[in-house]
Amino acid sequence: MTTVRTLVVENDPTDDVRVLGEWLTEAGLELSVIRPHAGEELPAGDLSGYAGLVVLGGGLPDTSWYAAEENLFRTAVRQKVPTLAICLGAQIMANALGGYVARAEAGPELGPRLVAKRDAANNDVLFADVPLMPDVIQFHHDEIVELPEGAVLLAASPSYPNQAFRYGDRAWAVQFHIECDADMLAGWIAGSADVAATGADPADLTARCAAALPDVAETWRPFAHRFADLVSGRTSARTELPLLGS
C-alpha cells in the first residue's frame, strides 16, 4: 500500500494522535506531526505538500497559535484537503468558518457517552456506516454553540446539540474523542479540574472509560479507515447517495 502524507496538528502534549494514528497508518497514511505548543510553526496559506489534515484536542492556557490554526482550516477548505478535527480542533474549525464556541451551559461533559446520528449522516461518506447511536468518549467544557453557515449537522446529543458536522464535502469535525487509549484518559482524569468540579469519582470514571474503549474502537476504527480512503483517493468525497436507477 502506498503511503500518503497527512498533516497532524497536536495542540497539547497530553493529547497526541495515539490510537487514531495507528488506525490511519494501518490504512496507508504517513503522518507528519506539527506541535505548535512546542513552538513548531504551522503551514501558512498552503497545504500542497499534504493530502490530508487532522487537528487534535487540548486544553492548554496558551492559545497563541489558534489564529494560525484557524487560517489552516480555511486553507484546507479552499484547497479541498480532506480534514478531520477533534474536540478543541473541532471548536477552532467552527470558529474559523463562522461558527460560535462558548463555555457549555450544561457544564463539563466527561467520560463514555452516546451521541445520535442525524438524518443527514446517512448520506455522508464517513458517517453513513456509523451506528445510529455510537459510543464516544467526551472530555470538554466548551461547546460549539452555533455551526458555521452551510455546515451539515451529523450527530447530536440532548445537552450538547452540535456533536459532529461537515463543512463542504471534505471537512469533518467531532466534539468527542476517538484518539484516546486508557493511559491517556487516566492522565486527563487524574489532573482534571472539571472532574473535581463535577464531583465524579476519578477511579470510577477511569474504569468506565477503559471499559468503553473496545466499543469506541469498533465504530471509529472503520471511520478512520474511511477517512484514510478519502485522503488516499481510494474513495471520492461524494456526500449524497445516488437516486435509485440513476
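The values are calculated or read from the model by the stated rules, or taken from the named source; none is laboratory data. Here the structure is a predicted model, which means the values were calculated and not measured. Cβ coordinates were reconstructed from backbone atoms using ideal geometry, including for glycine residues, and neighbour counts include every protein chain displayed. Just so you know, the surface numbers come from the protein's heavy atoms only, side chains and all, with ligands and any DNA or RNA stripped out. Shrake-Rupley method; radii C 1.70, N 1.55, O 1.52, S 1.80 Å.
For the range 97-121, the set of residues classified as at negative phi and assigned to a strand (DSSP E or B) consists of Y100, V101, A102, R103, E109, L110, P112, R113, L114, A116, K117, listed by residue number. Considering every residue within the range 122-139, establish whether at least one is under 13 Å from the mean Cα position of the chain (by Cα), assigned to a loop (DSSP other than H, G, I, E, B) and among the aliphatic types (A, V, I, L, M). Scanning the range 122-139, I find at least one residue that is under 13 Å from the mean Cα position of the chain (by Cα), assigned to a loop (DSSP other than H, G, I, E, B) and among the aliphatic types (A, V, I, L, M), so the answer is yes.
If you go through the range 41-85 and keep only what is open to solvent by less than 10 Å² (accessible area, probe 1.4 Å), aliphatic (A, V, I, L, M) and either out of contact with any strand residue (DSSP E or B) (no Cβ under 6 Å at 6 or more places or on another chain) or at pLDDT below 95 (or both), you end up with L47, L72.
Restricting the range 1-28 to residues that are under 17 Å from the mean Cα position of the chain (by Cα) and in a strand (DSSP E or B) leaves a set whose member that is farthest from H225 (Cα to Cα) is V9. The residues listed here are G28, G21; of these, the one that is on the phi > 0 side of the Ramachandran plot, open to solvent by less than 10 Å² (accessible area, probe 1.4 Å) and either of a type in the set (S, T, Y) or at pLDDT 95 or above (or both) is G28.
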